[in-house]
Amino acid sequence: MKSKYITQLLSALFLLVALAACSNPNAPLKWTEDVRLPDGRIVTLTRYQEFKGPHELGDTPSESDYWFEFKHPDTGEVIRWQSDRDLRTLALMMDGKVPILLTRPAFGISMRRYKCPNPPYLLFRFEGAWKQVSVEQIPVKRLRVNMTFGASDSRKLIESSQHRLTDKQTSNSEDDHRPFIINFSLMKEQTFDYENCDHPRNYLIEK
């Protein structure tokens with residue numbers, strides 16, 4: 001009888017801790033999301049986001065370090081991406097059997113760190129490790145954003161979805177959850193120009 005009471009008490013305490021974490025905007029956020037690749041296949045990402053970034057007095061901390069991992073859809077290899085707050089994720093795709101990740105600098109200081117790309121996108125290939133390559137090498141010229149863009153903006157959605165987002169939710173993950181399509185066929189050449197760093201041109205976006 002005593003053992004049963006202790007078990008019930010521990011269960012209640014665990015529930016209270018879980019509820020407190022959900023209601024605490026400073027708490028790290030972990031969730032899974034289904035990502036529909038441009039070729040139609042779906043991969044499931046496990047994602048983790050910390051909130052230890054700069055903030056005004058009285059405000060909640062902004063996003064800081066994060067990571068995600070998934071199984072390669074062909075080989076089953078577990079692939080992990082890890083970054084600080086300067087890069088936000090946009091789209092995952094495959095070039096043959098090579099994973100490709102499209103990102104965007106998140107802030108003005110991030111733009112300067114990456115030499116003010118115009119259009120403001122950065123591309124990475126996974127070949128044993130993630131390596132930055134020219135965005136002109138993107139294998140899919142017209143693509144829909146298929147990943148969570150900002151965990152802070154998506155926290156309520158993530159928590160209300162029991163920390164599991166569907167591919168329909170991640171396919172509309174930015175711009176007030178409306179379809180967000182980037183058309184790289186409109187790009188002639190990516191440039192890097194500190195003079196225009198504060199005004200990146202998003203002329204590739206279709207809505």
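The combined condition, being among the charged types (D, E, K, R) and at pLDDT below 95, is fulfilled by Asp65. Inspection of the range 99-112 finds no residue satisfying the criterion of being surrounded by fewer than 18 Cβ atoms within 10 Å (Cβ to Cβ) and touching a strand residue (DSSP E or B) at 6+ places or on another chain (Cβ under 6 Å). For the range 143-168, the set of residues classified as modelled with pLDDT of 90 or more, touching an Asp or Glu at 6+ places or on another chain (Cβ under 8 Å) and surrounded by fewer than 19 Cβ atoms within 10 Å (Cβ to Cβ) consists of Arg164, Thr166, Asp167, listed by residue number. Scan the range 119-139 for residues that are part of a loop (DSSP other than H, G, I, E, B) and more than 16 Å from Arg104 (Cβ to Cβ) and the total you get is 4.
The set of residues in the range 29-53 being open to solvent by less than 40 Å² (accessible area, probe 1.4 Å) and more than 30 Å from Ile109 (Cα to Cα) consists of Asp34, Leu37, Gly40, Val43. Contact map, the range 41-53: residues that are in a loop (DSSP other than H, G, I, E, B) paired with residues that are surrounded by fewer than 19 Cβ atoms within 10 Å (Cβ to Cβ), Cβ distance under 6 Å, separation 6+ or inter-chain. Pairs shown: Arg41/Pro73; Glu50/Pro28; Glu50/Ser64; Glu50/Asp65; Phe51/Asn26; Phe51/Pro61; Lys52/Pro61; Lys52/Ser64.
The values are calculated or read from the model by the stated rules, or taken from the named source; none is laboratory data. Model, not experiment: these values are computed from the prediction. When we count neighbours, we look across all protein chains shown, and the Cβ atoms used for this are built from the backbone with ideal geometry, even at glycine. Surface accessibility is based on the protein's heavy atoms, side chains included, excluding ligands, DNA and RNA. Shrake-Rupley method; radii C 1.70, N 1.55, O 1.52, S 1.80 Å.
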